[in-house]
Amino acid sequence: FSSVCNIFSFFREFMLQVCVLNGFSLEYTSESLKSDEEVVMLAVQQDGLSLEFASEELRRNSRICEAALKNDGRALQFVAIPDEDMDIRTLVEVCHDYPLAIEFVPVSLRKQYKREFSPFEYYRDYQYIELPNPFFRFEEA
């Protein structure tokens, strides 16, 4: 039993080091480490979108979600905090930095705080337009 604990401890320490370098490595780790607050915190601080791979419980953790949103506003789509517990100030900041995040703000909150979110409603139906690569060179005929 102690050798199993030693292996798990080693693997946890290894994952802590890996998550500092690449938050998306959380996708490939065990379910128990996806529920480890320290491992997930390091992952979302490195890449906010790695919140997608955290356990449901940690996706409801306000500290974890705030760290993920601070890193990347697009992480809002993976936040599992109930509407009534969401921090409106954080949501507005996320939308300010990443206007397309308005799509992931619950409709009930957009209606309740219409004045705060109305500047971002323009972006809700926005579609990405693929622009040509500026480094692409056209051949002259």
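No value in this document is a laboratory result; all are computed from the given coordinates. Quick caveat, the model's predicted, so the values are computed rather than measured. In this analysis, Cβ positions are derived from the backbone assuming ideal geometry, glycine residues included, and neighbour counts consider all displayed protein chains.
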Given unit charges at Cβ for Lys, Arg (+) and Asp, Glu (-), the dipole magnitude of segment 16-92 about its Cα centre in debye, nearest 20, is 240
Need the C-alpha centroid separation for segment 103-119 versus segment 18-44, integer Å. 31
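For the ranges 72-84, 101-113, what's the packing order if you count other beta-carbon atoms within 10 Å of each residue, average per peptide, and put the highest first? Let's see the in-between values first.
On the way: 72-84: 17.2, 101-113: 15.5.
Descending mean neighbour count gives 72-84, 101-113.
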For Lys34, counting only lysines whose alpha-carbon sits under 17 Å away and dropping same-chain residues fewer than eight positions off, the answer is none
Can you list the HN-Hα couplings for segment 20-36, worked out from phi with the Karplus curve (6.51, -1.76, 1.60; θ = phi - 60°), rounded to whole Hz and with x for Gly and Pro? 5, 8, 8, x, 5, 5, 4, 4, 9, 9, 6, 4, 5, 7, 5, 9, 7
